[in-house]
Amino acid sequence: AALAGLISQPQSLPSTPLVNRNIQGYRETGIFRNRLQLNEIATEGITILETRSPNVTVRDALTTDMTNVLTREPTVTFIIDFVQRQTRTVLNRFVGRPYVNTILGEIQTVFSAFLSELQVAGIIRDYRNIEVREHPTDPTIVEVFAEYAPVLPIKYVFVTYRIRGTLG
């Protein structure tokens with residue numbers, strides 16, 4: 001329940017990583033495992049909370065589909081859902097409008113601006129291949145296609161030192 005509260009905070013962007021976020025109202029998990037055990041549990045797609053006094057913190061945020069980075073990261077699912085909902089809102093203004101010669105260009109312009117806004121907001125990293133066209137067999141349908149890359153969380157920072165006797 002506490003994790004659900006963290007996820008549903010209205011001020012959070014869907015791309016806000018869960019890793020290293022504190023769970024409010026809790027001081028310890030009551031579960032005592034060593035790092036090796038926690039790593040093993042996480043490989044099964046289980047979100048791991050750990051006690052980092054004085055807080056309970058999200059150590060690993062994962063889904064049960066560990067196939068690849070796009071399926072294992074909860075924020076990717078949040079982003080996909082958010083983009084779908086916002087897309088419907090943005091493009092709904094065209095439903096019920098007359099199909100005039102300029103309509104496909106208008107949809108392209110609005111949709112492109114929408115994806116650009118998502119990129120500036122830090123929800124998607126990039127987008128490309130926007131295509132707006134009339135459905136091949138039903139002229140009352142406009143099809144919109146695009147590709148985008150969601151923002152992914154930084155999970156690790158690896159540091160390598162080169163040790164030298166002198167630096168000259």
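None of the figures in this text is laboratory data; all of them are computed from the coordinates on show. Since this is a predicted model, take the numbers as computed values, not measurements. Because the Cβ atoms are built from the backbone with ideal geometry, glycine has one as well, and the counts that use them run over all protein chains shown.
Remind me, relative contact order of region 70-168 in percent, using alpha carbon pairs under 8 angstrom and six or more residues apart?
25 percent
If r is the Cβ-Cβ distance from Arg125 to Thr67 and R0 is 22 Å, what FRET efficiency results, to the nearest 0.05?
Calculated transfer efficiency: 0.65.
Do you know the relative contact order of region 3-152, to the nearest whole percent, from alpha carbon pairs under 8 angstrom that are 6+ apart?
19 percent
Longest exposed-loop-site-free stretch of the chain, with GluC sites (Glu not before Pro), DSSP loop and at most 15 other Cβ within 10 Å?
45-168
Can you give the log10 of the normalised intensity I(q)/I(0) at q = 0.15 Å⁻¹, computed with Debye over equal Cα scatterers of the chain?
-0.92
Once fully extended, how much extra length lies between Ser116 and Arg133, figured as 0.36 nm per residue of separation less the alpha-carbon to alpha-carbon distance?
Stretched out fully, the Ser116 to Arg133 stretch lengthens by 4.1 nm.
In a Gaussian network model over the chain where Cα atoms closer than 10 Å are linked, find which of Thr57, Thr137, Thr75 has the largest mean-square fluctuation.
Most flexible of the set in this elastic network: Thr137.
Which of Leu152, Leu118, Leu91 moves the most in a Gaussian network model of the chain with Cα springs under 10 Å?
Leu91
If R0 is 35 Å, what FRET efficiency do you get for Val159 and Asn34 from their C-beta distance, rounded to 0.05?
0.90
For the chain, with a Gaussian network of springs between Cα atoms less than 10 Å apart, report the residue from Ile46, Ile23, Ile130 with the top mean-square fluctuation.
Of Ile46, Ile23, Ile130, the most mobile in the Gaussian network model is Ile130.
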